[in-house]
Amino acid sequence: MTTIVGVSGSLRSGSFNAALLRVAADSMPSGARLEIASIKGIPLYDGDVETSSGLPAAVAKLKEQIDFDNQSIARNNDRFALAQEQQKTILADKSLSPTEKLLLLANINTTLVTVEQRLGQLETDRLSAQQFLSLAENVERPSVRSPAVAVKSAGPNSRTGAAVGGLIGLIIGVLVALLWDPVAARRTTA
């Protein structure tokens, strides 16, 4: 299942962006999920504050959550590997009857499914926390996206102005010549 984290930039309860996220979450296709998150409690980046007093509490909490999720994922991966080894051992054991093998394998398969679901939840939690941490650490940091480059451009000159003026005069002259005959015909009949 694909999980997308949507963050509204507004903390207002009646925010239009948050309302759009809720509508988008309800409209997600099957196999995809939109998790709505909030920036509430995550301070704007301030390098002076970080230098003088360390990371803000909300950012430190996000780092702790990521560490916890990483440890939980490692434990669950170990548990998954152990269950797979037990599965192989049961299948290779000739002393067990087919009924006993089925019962033991059913129990281990349940464990495997549970661990897989928990791993998915932990991965989603870790991804959300990492996105918030990136937002908190990098939003206000200065960076050069594209270097400045000098570009030579031609300024206005008298020849260009004369050429444009002559062209405009020519267009006006043609229009007057085309429209003059009907106007002159009306003047002579009047």
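The values are calculated or read from the model by the stated rules, or taken from the named source; none is laboratory data. Small disclaimer: the values here were computed from a predicted structure and weren't measured. Every residue, glycine as well, gets a Cβ built from its backbone with ideal geometry; the counts of neighbours run over all protein chains shown.
Points worth noting:
- With respect to the conditions (1) closer than 30 Å to Val59 by Cα; (2) modelled with pLDDT under 90, Asp78 lacks only one, and its number is (2).
- Matching entry among Thr124, Thr188, Thr160 (being in a helix (DSSP H, G or I) and at pLDDT below 75): Thr188
- Top-ranked residue in the stretch 54-67 [being touching a helix residue (DSSP H, G or I) at 6+ places or on another chain (Cβ under 9 Å) and hydrophobic (A, V, I, L, M, F, W, C); ranked as modelled with the highest pLDDT]: Ile66
- Inter-residue pairs, beta-carbon under 8 Å, first closer than 21 Å to Gln130 by Cβ and assigned by TED's automatic domain parsing to the domain that holds Asp125 and in the stretch 46-64, second modelled with pLDDT of 75 or more and assigned to a helix (DSSP H, G or I), 6+ apart: Gly54/Ala60; Leu55/Lys63; Val59/Leu133; Leu62/Ala129; Leu62/Phe132; Leu62/Leu133; Lys63/Leu133
- Screening Phe80 against (1) exposed (fewer than 13 other Cβ atoms within 10 Å of the Cβ); (2) within 23 Å of Val115 (Cβ to Cβ); (3) not small (Gly, Ala, Ser) leaves a single unmet condition, (1).
- Close contacts from the stretch 109-137, counting a first residue that is over 15 Å from Gln65 (Cα atoms) and a second that is aliphatic (A, V, I, L, M) and part of a helix (DSSP H, G or I), with Cβ to Cβ under 6 Å and a gap of 6+ residues or different chains, come to Thr111/Ala83; Leu112/Ala83.
- Meets criteria (modelled with pLDDT of 90 or more and more than 20 Å from the chain's Cα centre (by Cα)) for Asp48: no
- Check on Lys88, farther than 30 Å from Leu105 by Cα, assigned by TED's automatic domain parsing to the domain that holds Gln131, in a helix (DSSP H, G or I) and not aliphatic (A, V, I, L, M): no
- You will find that of Gly41, Gly31, Gly9, Gly14, the residue that is out of contact with any Phe, Trp or Tyr (no Cβ under 7 Å at 6 or more places or on another chain), loosely packed, with under 13 Cβ neighbours inside 10 Å and at positive phi is Gly31 and no other.
- Filter result for Asp78 (on the phi < 0 side of the Ramachandran plot and in contact with an Asp or Glu (Cβ under 6 Å, 6 or more places away or on another chain)): no
- Condition check for Val7: free of Cβ contacts under 8 Å to residues at least 40 places away in the same chain and not assigned by TED's automatic domain parsing to the domain that holds Thr111: no
- Test: Lys101 is assigned by TED's automatic domain parsing to the domain that holds Gln130, out of contact with any strand residue (DSSP E or B) (no Cβ under 6 Å at 6 or more places or on another chain) and touching a residue at least 60 places away in the same chain (Cβ under 8 Å): no
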